[in-house]
Amino acid sequence: MRIARFSVDDEVRYGVVDSPGAGAANGHGADRLADLTVAEIAGHPFGPSAADLKLTGARYPLDDVRLLAPVLPSKVVAIGKNYADHARETGSEPPPEPLIFLKPSTAVIGPGDPIVRPAQLSKRVDFEGELAVVFGRLCRDVPAARVPEVIFGYTCANDVTARDLQASDGQWARAKGFDTFCPLGPWIETSLDAGDVELTTTVNGEVKQQASTSLLMHDIVTLVCYVTAVMTMLPGDVLLTGTPAGIGPLVAGDSVSVHVDGIGTLTNPVVDPR
Ligand code: MG
């Protein structure tokens, strides 16, 4: 099931994205965006189970609503150097334990929202396409066997990074934390088996990153256990699982897309400050 957050008539709502009339056998890959609709959820989707979701009966063509970031997390926890080929392209070996850092909630933007390059402060702003885990429950010290219970679903993310500041600052809060540096979307897929899905990042249609999540050095179960041993995760909090090789710079006028098979495509334009 695909859960979106959207605005229509100046109100923000959650909804279930589907294609009425299309048989389930078609699968998501066969969907054309123009055929999709969003069925409004009463309240929010973070209940004890998906079976508790209540629809209001309102349904909108997806073309008639504005998709927003699918969650407003209290925090975004991200993992550095979690694909070996990316660690090597940065000139380092993959770390033996997960390397975690934070992106502020204020960096989050939705599909279609512009990534604003802080042109005065950074000369190199990079894309990093990533699979994102969305938590559905308050949780801490989650044992491996119970990780599936706390994962609400998955979405696409772009861990936008001021690469020059990452190197010069030593710690990453500034490089990773600018407003607009965490695009999320287009929606949350709640039924994905995320262990071996293809992730593709394109800039202006040209493929820059392509890898399977099976290449994660520390897999999703390991990451959830590791992070929740440190901090409590709240419903809607997000975990970025790391980026594969192929990172590169963005300039104003670019259009960057992160696609994850089984989820969809997150596309954002890049602009310089006005
Ligand atoms: Mg990253």
Is it true that A194 is of a type in the set (A, V, I, L, M, F, W, C) and within 16 Å of the ligand (Cβ to nearest atom)?
-> no
Among (1) of a type in the set (A, V, I, L, M); (2) under 16 Å from L240 (Cα atoms); (3) away from the ligand (no atom under 16 Å from the Cβ), V207 falls short only on (2)
Output the qualifying pairs, or none if there are none: Cβ atoms under 6 angstrom, residues six or more apart or on different chains, first residue in the stretch 86-106 and under 18 Å from G170 (Cα atoms), second residue outside any loop (DSSP other than H, G, I, E, B) and among the charged types (D, E, K, R).
-> K103/K176
Within the stretch 243-255, restricting attention to residues that are open to solvent by less than 10 Å² (accessible area, probe 1.4 Å) and within 12 Å of the ligand (Cβ to nearest atom), which residue is farthest from A157 (Cα to Cα)?
-> P244
Output the residues belonging to the stretch 194-242 that are assigned to a helix (DSSP H, G or I), of a type outside the set (S, T, Y) and open to solvent by less than 10 Å² (accessible area, probe 1.4 Å).
-> A194, L223, V224, V227
Pick from the stretch 129-143 the residues that are open to solvent by less than 10 Å² (accessible area, probe 1.4 Å) and either within 10 Å of the ligand (Cβ to nearest atom) or β-branched (V, I, T) (or both): which of them is farthest from I247 (Cα to Cα)?
-> V134
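Scan the strands (runs of 3 or more DSSP E) fully inside the stretch 58-115 and keep the ones with 2 or more residues being closer than 28 Å to L234 by Cα and within 15 Å of the ligand (Cβ to nearest atom).
Working: elements: 66-68, 76-80, 99-103.
Hits in the stretch 58-115: 76-80, 99-103.
For D179, indicate whether it is exposed (fewer than 12 other Cβ atoms within 10 Å of the Cβ), assigned to a loop (DSSP other than H, G, I, E, B) and in contact (Cβ under 8 Å) with a residue 60 or more places away in the chain. Let's see the steps before the verdict.
Working: exposed (fewer than 12 other Cβ atoms within 10 Å of the Cβ): no; assigned to a loop (DSSP other than H, G, I, E, B): yes; in contact (Cβ under 8 Å) with a residue 60 or more places away in the chain: yes.
Taking the combined requirement at face value, the residue does not satisfy it.
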Give the residues of the stretch 134-168 that are farther than 21 Å from V116 by Cβ and assigned to a loop (DSSP other than H, G, I, E, B), sorted by residue number.
-> G136, R137, L138, R140, D141, V142, P143
How many residues does the stretch 48-101 hold that are more than 28 Å from R32 (Cβ to Cβ), open to solvent by less than 50 Å² (accessible area, probe 1.4 Å), more than 18 Å from the chain's Cα centre (by Cα) and hydrophobic (A, V, I, L, M, F, W, C)?
-> 2
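The values are calculated or read from the model by the stated rules, or taken from the named source; none is laboratory data. Small disclaimer: the values here were computed from a predicted structure and weren't measured. Cβ: placed from backbone, ideal geometry, glycine included. Neighbour counts: every protein chain shown. For accessibility, only protein heavy atoms count, side chains too; no ligands or nucleic acids. Shrake-Rupley method; radii C 1.70, N 1.55, O 1.52, S 1.80 Å.
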